[in-house]
1. Taking the Cβ of Asp49 as the center, what net charge do the other residues with Cβ under 11 Å away carry, scoring Lys and Arg +1 and Asp and Glu -1?
2. Express in nm, to one decimal, how much length is gained between Leu70 and Leu18 on full extension, taking 0.36 nm for each residue of separation and deducting their alpha carbon distance.
3. For the range 22-72, state the average projected area of the convex hull of the C-alpha atoms over all orientations, rounded to one decimal in nm².
4. Normalising by the residue count of the chain, find the relative contact order in percent from Cα pairs under 8 Å and 6+ residues apart.
5. Given a 1.4 angstrom probe, I'd like the percentage of the accessible area of the chain that is carbon and sulfur, rounded to a whole number.
6. Relative to a virtual label point 7 Å from the Cα of Leu38 in the Cα→beta-carbon direction, which members of the range 56-89 show backbone nitrogen distances below 17 Å?
7. Using only the Cα atoms of the range 1-51, what do you get for the radius of gyration and for Dmax, in Å?
8. Measure nothing fancy, just the Cα-based angle from helix 5-26's long axis to the longest principal axis of the chain, in degrees from 0 to 90, nearest 10.
Amino acid sequence: MMLTARNIYIAAMAIGGLALGLASLRWPAVNDGPVPPLMSLLIISLAFDLVIMNRAAAGQAMPLQMSSRLIGFFAGGIIYLILRTTLAS
């Protein structure tokens, strides 16, 4: 498997969903705080996307397609929700 921006992005979002799920189990305030956990995934996505856009503008990487963003976000969201529903009950 080749390391591309797409693969790194999807892995980062999956790890972000895992981290949010585990953090919400450890600290319940994560779910009740001012930023909902799934919105935190969008913040992770934005930070990663800004880096990729700068690298793409410099010609060092291919820009992310919208389908890659959707796959990454849904992967992180599903991992978060599965952790939350199975371990919180």
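1. +2
2. Details: separation 52, 0.36 × 52 = 18.72 nm, distance 1.68 nm.
In short, 17.0 nm is gained.
3. Approximately 4.3 nm², given one-decimal rounding.
4. 50 percent
5. 74 percent
6. Zone members listed by number: 69-86.
7. 12.4, 39
8. The two axes meet at around 10 degrees.
The values are calculated or read from the model by the stated rules, or taken from the named source; none is laboratory data. All of these numbers come straight from a predicted model, not from anything done at the bench. FYI the Cβ positions are ideal-geometry reconstructions off the backbone, even for glycines, and counts take in every protein chain you see. For accessibility, only protein heavy atoms count, side chains too; no ligands or nucleic acids. Shrake-Rupley method; radii C 1.70, N 1.55, O 1.52, S 1.80 Å.
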